[in-house]
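What follows is a short report on a single structure.
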Amino acid sequence: MAKSHFRTTENSDPAFGFEGLKFITVKSKNLLGRGDICVFVPEGKHENLPVVTLLHGVYGSCWVWALKGNAHGVARDLITSKKISPMILAMPSDGLWGDGSGYLPHGKQDFENWIAEDVQQAVLENVPEVSAQSKHFICGLSMGGFGALKIGSRHHQKFCAISAHSSITSYNQMSLFVEEEERHYRSENPELEDAFVSILNNRDHLPPLRFDCGTEDLLLDYNRKLHLQLEQEDISHIYEEFSGGHQWNYWQDHLTDSLFFFNQFV
């Protein structure tokens, strides 16, 4: 048996699982501590399944996509009705720094590489339906949308497509939601602070990209600006607007759009 990437790993007992959900906790060198991942595994005998990493927003953790957004139910219904191919959902915590880590490095803790490196490895080691041949996709909402845009473009060799909902597009928008001071989110690397810079700097290797925002969302103008910036640079992407605000019923409804988008590249 190959040596684990992690010093310690704890898996939930399948006897107590529900609706295809399981939980993994690993000790991460990037976090300097433990990180949690909620995983949805569709029913049936599968191998080499694609993996969608779903990043949550501020205040949340690994459980919110499933237990506030019904992400596993949305995926299960689409798979059962054969509208999409079977796929895994990996729903990690952001590392639980403050009200939200921004999926950025803070001191010696690297919340970006927790997502880009450790989550994929933890799923590979602990979910038999996943292999080294599995394709990976990344998606997120709000702060998680920022993480998906930034991490997906910066780590383009690891992800086949990117989708984001109601996204923060720059670190300074974190101040709309969190009590931590803006200085905590500053970095010497502008790619870490701004989704447009991340995308622009990696345009030659950018995976297929889509994002959307609600017309009543407080982040709408920022998303429209990002769309305009990408158009001006002739960077291929899909941008959509739908009725709705910065809320869970919007994200639950439009997760379907992300899963349909990813299904094109399975």
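The values are calculated or read from the model by the stated rules, or taken from the named source; none is laboratory data. These numbers were taken from a predicted model, which means no experiment stands behind them. Note that each Cβ is placed from the backbone with ideal geometry, even for glycine, and that neighbours are counted across all protein chains shown. Please note that ligands, DNA and RNA were not included when accessible areas were found on the heavy atoms of the full protein model with its side chains. Shrake-Rupley method; radii C 1.70, N 1.55, O 1.52, S 1.80 Å.
Taking region 93-117 as the range and being part of a loop (DSSP other than H, G, I, E, B) and of a type outside the set (A, V, I, L, M, F, W, C) as the test, the residues that pass are SER93, ASP94, GLY95, GLY98, ASP99, GLY100, SER101, GLY102, TYR103, GLY107, LYS108. Among residues of region 126-137 that are touching a residue at least 12 places away in the same chain (Cβ under 8 Å), those with a beta-carbon under 8 Å from a residue that is among the aliphatic types (A, V, I, L, M) and open to solvent by 30 Å² or more (accessible area, probe 1.4 Å) at least six positions away or on a different chain give the pairs VAL130/LEU124; SER131/LEU124; SER134/LEU124; LYS135/VAL266.
Could you please let me know if LEU220 is of a type in the set (A, V, I, L, M) and touching a helix residue (DSSP H, G or I) at 6+ places or on another chain (Cβ under 8 Å)?
Numbers: of a type in the set (A, V, I, L, M): yes; touching a helix residue (DSSP H, G or I) at 6+ places or on another chain (Cβ under 8 Å): no.
Spelling it out, it is not the case that LEU220 is of a type in the set (A, V, I, L, M) and touching a helix residue (DSSP H, G or I) at 6+ places or on another chain (Cβ under 8 Å).
Of all residues in region 1-30, those satisfying the criterion of being farther than 21 Å from TRP65 by Cα and of a type outside the set (D, E, K, R) are MET1, ALA2, SER4, HIS5, PHE6, THR8, THR9, ALA15, SER28, ASN30. Listed by first and then second residue, the pairs linking a residue in region 186-205 that is under 18 Å from ILE115 (Cα atoms) to a residue that is open to solvent by 80 Å² or more (accessible area, probe 1.4 Å), with Cβ atoms under 7 Å apart and 6 or more places separating them unless they lie on different chains, are GLU191/ASN201.
Could you pull out every one of the strands (runs of 3 or more DSSP E) wholly within region 18-92 that has 3 or more residues that are under 22 Å from SER166 (Cα atoms) and of a type outside the set (Asp, Glu)?
51-55, 88-92
Do the conditions hold for ILE79, that is, is it over 14 Å from the mean Cα position of the chain (by Cα) and of a type in the set (A, V, I, L, M)?
yes
Working only within region 96-145, note down all residues that are of a type in the set (Gly, Ala, Ser) and open to solvent by 20 Å² or more (accessible area, probe 1.4 Å).
Just the residues of region 96-145 that are of a type in the set (Gly, Ala, Ser), to begin with: 98, 100-102, 107, 116, 122, 131-132, 134, 140, 142, 144-145.
Selection gives GLY98, GLY107, SER131, ALA132.
Keeping to region 31-55, report how many residues are surrounded by fewer than 20 Cβ atoms within 10 Å (Cβ to Cβ), closer than 18 Å to TRP114 by Cβ and not hydrophobic (A, V, I, L, M, F, W, C). Residues meeting the conditions: 3. Annotation: of all residues in region 101-129 being of a type outside the set (A, V, I, L, M, F, W, C) and within 14 Å of the chain's Cα centre (by Cα), the one that is farthest from MET174 (Cα to Cα) is GLN120.
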